[in-house]
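Below: one structure, written as structure tokens.
The values are calculated or read from the model by the stated rules, or taken from the named source; none is laboratory data. Computed from a prediction, not measured in an experiment: that's the story for all the values here. Cβ sites come from the backbone with ideal geometry, for glycine too, and all protein chains shown count toward neighbours. Note: accessible area is taken over every heavy atom of the protein model, side chains too, but ligands, DNA and RNA are not part of it. Shrake-Rupley method; radii C 1.70, N 1.55, O 1.52, S 1.80 Å.
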Amino acid sequence: NSNRQWGTEKRTAPLDILHDKPSTRKLTLNRLAIMATVFFWLSYIFSIIVRQLIEGPGNYSFTMEAFSYSLVVTFLTFSSLIYLVTRQGALERFSKHSRVPRAILDQHFHNHKAGITVLVPSYNEETEVIRKTLLSAALQEYPNMKVVLLVDDKPYPSNPKLEATRKIGRDIELFLAKPYGRFNQALADFKRKHTSRKTVTKRTIQELANNYIWAVKWLNQMAFHEKIEDHVDVFFVEQVYRELAKDLELIAKALKMSIDSNESISKARIEQLSQRLVSIFKAKVEVFERKKYLSLSHESNKAMNLNAYIGLMGGMYRKHITADGVILVPTQTEHKDNLVVSDSEYLLTLDADSILLREYCLRLVYLLEEPQNARVAVTQTPYSSFRGAYSRIERLAGATTDIQHILHQGMTYYGATFWVGANAVIRKSALEDIVETEYVNGFKVNRYIQDRTVIEDTESSVDLALHGWKLVNYPERLSYSATPPDFGSLVVQRRRWANGGLLILPKLFSVIKQRKLQNEPISQFEIVLRLNYMASIAWATVGLIFLLAYPYDGRLLSPLVLLSALPYFLAMASDLKYCGYRYSDILRIYGFNLILLPVNLAGVFKSIEQALTGKKIPFARTPKVKDRTPTAMMYVVVPLLIVGFSILTVWRNVETANWGNAIFAGFNAFVATWALMAYIGIGNLMADIWLGLTDWLYVESKPQNLQSLITEEPIPQWQAILYHGNDKEILPRYAIEK
């Protein structure tokens, strides 16, 4: 492809669903890495800091330098240690995990058919991206499922893209209607013919095998006709269509082998296998737009988009037209125009740029329905990245995503799981346990998922813990999500991730206090892992800025600092190789993090701003479009300043023979320069600076008729008067003549 950058990978096949079982050697080496990190940090503190404070000049300036430097080193070493500890937990889980056999899953869901509603919040996404997400959900092998696309675009005025999005649900149902009709009729015929029979004939088994072969051919035909434009399209075709086809083909072969060997299969198993085909192709896909209804929250964030629909579940509503728009009024009287929203025991929240593998719902719901997991509220497979990225920055961001998948698995080992919002199966009763209700403009608003910060999944994790619920990461790779393809969209995503963790810390302390009052054990590992997850971006960013900017006394530097960090870098390099990347990517990630320093710092400052003002920070959605997203000038200028300052630091320290600082600054200048050129690009960098310098020349046009944002047609004046009364603030927008 002509759009592929040099230095990317052409491999599109994902990693295996199951993690390799780590060897005893790997587990032992990681334990040694943990011990080495602690040993070298202690050695540095006592042999350098303490000794210099005792034997050094003893003045105030040097003492403060020693204190601040040791504090920075301690915080950074702590984060490195947490990585190794979490990694150890992941390795332990991978070594003990075994899959539930498929026959047990089929038997379970033949008797237990708890409903699941898949909620896909969407805002301004490409129609093709949404279609693949919805299809991956619709083709889940689950017996009782409904998929709902929650469109958050402004409903009026409409546009061709929005109209195409509105038709997606109906198009998918029509698309799957033929195979569903065939297999549903076959299942009905089987039940009718075998009402009184206890065994099945070879002919019946052969008919079932033929149905499986028909499904294989249909799936392969759909894969052949699918349009391929990028690596995500390749993933969808190969992993959703063709892998499902391979799975069904294997079942067909097994059925034929049973016939050839004159082996009998129970009636119950044949019925389960017939039901499986029906479950795969049965599709109920709806599209819901909350902004069409005045009585629902219109706050621009993913949490409230989800909350608006969840709050309607299990109810029937009459559409009442008012002067400002349509209000949903609960009713018990049935009418063809009513909005009926069915309820379900489970919810699956899924980002509109994510794709699920075929057994996601079966395996995660089965986990929730095991007796020992009755208090598990959320289970998920932290998403992996699509391989074969066309841009270097998407490839490297994908590498960090795959590393995070491992770390999240380790956090579950210590009971410190956090909900990662891209995908999760949620027990609805748990959300009802943490719901907060308020009234806005006279309408009831339920907040199941908190939107106080822009990291709604993290805060909801703590809310669930406060109410005694647990969260679990399923130790397999069953979900994939898009990684920002350019620096601009990555900035939007990472700035949001860096914002909010500090604000949630008081809730974490409440969880600790409550657990202790209830005499429930809470391990120190869980506390420090949760603390690190929410606050490490803040202290790591500030600490690294101090190391970059402040010319510390050379007597405080020591190889012991590097040795304490070495196990972390070696472990991460090993994990990158395990995930299919290169050992050298560890250096690229370091440079990548350097140019993201202003982004992380901006997120931290936004948290502080929100804490001081009490005002919510606007939710910035990560762009999921094919065009490049421009970057605010600050986020490209500051990395340039980091390079310039690092070069200046090299020169100053060479003059004073402070070789430790000079080498460190030189290394930072090199990797940051490489990151700027590789992940932003000189042309894009200059374009973003130019846009930042000239942006003030342009003024965004605003619609003159505010009413057009709410309804398609102007509301008659008499309706406005009857609805609002003599409200001097609202009536002027209807242009009512005196």
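ASP457 meets all of the listed conditions (1) at pLDDT 90 or above; (2) closer than 19 Å to GLN409 by Cβ but one, namely (1). When region 460-514 is filtered for residues that are assigned to a helix (DSSP H, G or I), over 15 Å from the mean Cα position of the chain (by Cα) and of a type in the set (Lys, Arg), the ones remaining, listed by number, are LYS507, LYS513.
Quick check on region 590-625: of everything there that is basic (Lys, Arg) and closer than 22 Å to THR400 by Cβ, which residue is modelled with the highest pLDDT?
The selected residue is LYS606.
Number of residues in region 640-663 that are among the aromatic types (Phe, Trp, Tyr) and within 22 Å of VAL599 (Cβ to Cβ) equals 1. Against the list (1) touching a Phe, Trp or Tyr at 6+ places or on another chain (Cβ under 8 Å); (2) of a type outside the set (Phe, Trp, Tyr); (3) within 24 Å of THR379 (Cα to Cα); (4) open to solvent by 10 Å² or more (accessible area, probe 1.4 Å), the condition HIS110 fails is (1). Criterion applied to VAL85, VAL50, VAL100, VAL148 was being more than 30 Å from LYS26 (Cβ to Cβ) and either open to solvent by less than 40 Å² (accessible area, probe 1.4 Å) or assigned to a loop (DSSP other than H, G, I, E, B) (or both), and the one residue passing it is VAL148. Mind checking which residues of region 1-40 are without any contact (Cβ under 8 Å) to a residue 40 or more places away in the chain, assigned to a loop (DSSP other than H, G, I, E, B) and either over 30 Å from ARG242 (Cβ atoms) or in contact with a strand residue (DSSP E or B) (Cβ under 6 Å, 6 or more places away or on another chain) (or both)? Residue satisfying the conditions is SER23 alone. The residue that is farthest from LEU348 (Cα to Cα), counting only those in region 364-386 that are in contact (Cβ under 8 Å) with a residue 24 or more places away in the chain and open to solvent by 10 Å² or more (accessible area, probe 1.4 Å), is PHE386. Restricting region 285-300 to residues that are among the acidic types (Asp, Glu) and not in a loop (DSSP other than H, G, I, E, B) leaves a set whose member that is most open to solvent (accessible area, probe 1.4 Å) is GLU286.
Scoring ALA399 on the criteria (1) small (Gly, Ala, Ser); (2) buried (at least 20 other Cβ atoms within 10 Å of the Cβ); (3) not in a helix (DSSP H, G or I) leaves a single failure, condition (3). On the stretch given as region 515-536, residues that are assigned to a helix (DSSP H, G or I) and open to solvent by 60 Å² or more (accessible area, probe 1.4 Å) total 5.
Can you run down the residue pairs with Cβ atoms below 8 Å, 6 or more apart or on separate chains, where the first is in region 41-64 and free of Cβ contacts under 8 Å to residues at least 12 places away in the same chain and the partner is open to solvent by 70 Å² or more (accessible area, probe 1.4 Å)? Note: pairs meeting the criteria are THR63/LEU53.
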